[in-house]
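Visitor: What follows is a structure written as structure tokens; I'll ask about it next.
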Amino acid sequence: MANTYTKIYLQLVFTPSGRENIIPVKHKEELQRYTTGIIQNRKHKLLAINYMPDHVHIFIGYQPSQPLPDLLRDIKANTSKFINDKRWLPGKFKWQEGYGAFSYSHSQLGDVIDYINNQEQHHQNTSFKDEYLETLVKFDIDFANEYLFDWI
């Protein structure tokens, strides 16, 4: 039987419910390690991750044996439970519905990794909302404003 070979790179982007600035910066490293474990346990390769207070960027080498919606469900459900079990926030944490998933070629790996690793500097000049809308346009994705994230 022939083997199947794939090399798929995806950037995943999603936000807390209401797109609030509530992801705790002081726990960023611990949350990133926890998320890395989720991704690796599902046989994907983490290339970059960066939790900002109001969104997260995850860049992976994606294994198509797991449907993408299932991966995002697993990441969101487990990280929500992790944050809530740790009681990092006063009240219940949850992620907003939906996500962005954007594909890249092998030649773009370095640029995407640098971009994700430098989110703090990037967002000194550009809001997440502007960044996300620009990405949708850049990738020629049809979208309706009423189905985008709840912008506060």
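The values are calculated or read from the model by the stated rules, or taken from the named source; none is laboratory data. Small disclaimer: the values here were computed from a predicted structure and weren't measured. As a convention, Cβ positions derive from the backbone with ideal geometry for all residues, glycine included, and neighbour counts pool all protein chains shown. The area values use the complete protein model at the heavy-atom level, side chains included, leaving out ligands, DNA and RNA. Shrake-Rupley method; radii C 1.70, N 1.55, O 1.52, S 1.80 Å.
Visitor: Roughly what would the spin-label model give for residue 70 and residue 145, points 7 Å off Cα along C-beta, in nm?
Guide: Modelled inter-label distance: 3.8 nm.
Visitor: Let me ask another. Mind checking which aspartates and glutamates have their C-alpha under 13 Å from residue 28, skipping anything on the same chain fewer than 8 residues away?
Guide: The qualifying aspartates and glutamates are 54, 120.
Visitor: Then there is this: If you project the alpha carbons of the stretch 35-112 onto the principal axes, what extent comes out on each, in Å, largest first?
Guide: 43, 26, 21
Visitor: Before I look further, what does the stretch 82-121 give for accessible area per residue, probe 1.4 Å, in whole square angstrom?
Guide: Values: 2570 Å² over 40 residues.
Using a 1.4 Å probe on heavy atoms only, each residue of the stretch 82-121 averages 64 Å².
Visitor: Taking springs between alpha-carbon atoms closer than 10 angstrom, which of 50, 78, 125 fluctuates most in the Gaussian network model of the chain?
Guide: The residue that fluctuates most here is 125.
Visitor: Report the gain in length on full extension from residue 33 to residue 118: 0.36 nm times residue separation, minus Cα-Cα distance, nm rounded to one decimal. Before the final figure, lay out the partial values.
Guide: Details: separation 85, 0.36 × 85 = 30.60 nm, distance 1.78 nm.
Answer, rounded to one decimal: 28.8 nm.
Visitor: What pairs in 26/138; 7/86; 7/81; 7/129; 26/92; 26/81 have C-alpha atoms more than 26 Å from each other?
Guide: Details: 26/138 33 Å; 7/86 36 Å; 7/81 31 Å; 7/129 30 Å; 26/92 18 Å; 26/81 18 Å.
Over 26 Å Cα-Cα: 26/138; 7/86; 7/81; 7/129.
Visitor: Sticking with the crude label model, points 7 Å out along Cα→Cβ, report the distance from residue 5 to residue 130 in nm, one decimal please.
Guide: With each label placed 7 Å out from Cα toward Cβ, I get 4.3 nm.
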